[in-house]
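Q: Quick one: the structure is below, questions incoming.
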Amino acid sequence: MKRFRKSTFIPLILLIYLAVMAYIGRDKLFAGSYLEYFGILIVTLLCIGILFFTLRKQEQVRERRQREMEERDRAEAEKKEQSGE
């Protein structure tokens, strides 16, 4: 089973939560508070988008550091192996 990344999973859960809250708060929309209703939705979507890109960038940095450490360890192991021969 493929594991979901944190940068995908958390914003997805928040989008589902936002959809439920938008459905519950639709009374404001029917009451004529269009600006308030859609303003809250847009601001929340922007926050979720910023969160997604921030988490994705952190994961990319973490993966790059992990690769660099593995390459460094491999190079050190090769150097030890060559000096031992």
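Residue by residue, here is whether (1) of a type in the set (S, T, N, Q); (2) touching a residue at least 12 places away in the same chain (Cβ under 8 Å); (3) surrounded by 11 or more Cβ atoms within 10 Å (Cβ to Cβ) holds:
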{"position": "PHE9", "(1), (2), (3)": "no, no, yes"}
{"position": "ILE13", "(1), (2), (3)": "no, no, yes"}
{"position": "LEU18", "(1), (2), (3)": "no, yes, yes"}
{"position": "LEU35", "(1), (2), (3)": "no, no, no"}
{"position": "THR44", "(1), (2), (3)": "yes, yes, yes"}
{"position": "ARG65", "(1), (2), (3)": "no, no, no"}
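Q: How many residues, within segment 15-65, are farther than 29 Å from ARG5 by Cα and either under 16 Å from the mean Cα position of the chain (by Cα) or not in a helix (DSSP H, G or I) (or both)?
A: Residues flagged as farther than 29 Å from ARG5 by Cα and either under 16 Å from the mean Cα position of the chain (by Cα) or not in a helix (DSSP H, G or I) (or both) within segment 15-65 amount to 4.
The numbers here are math on the coordinates, done by the rules we state, and not lab data. Everything quoted here is computed from the prediction, not taken from an experiment. Every residue, glycine among them, receives a Cβ derived from its backbone with ideal geometry; neighbour counts consider all protein chains shown.
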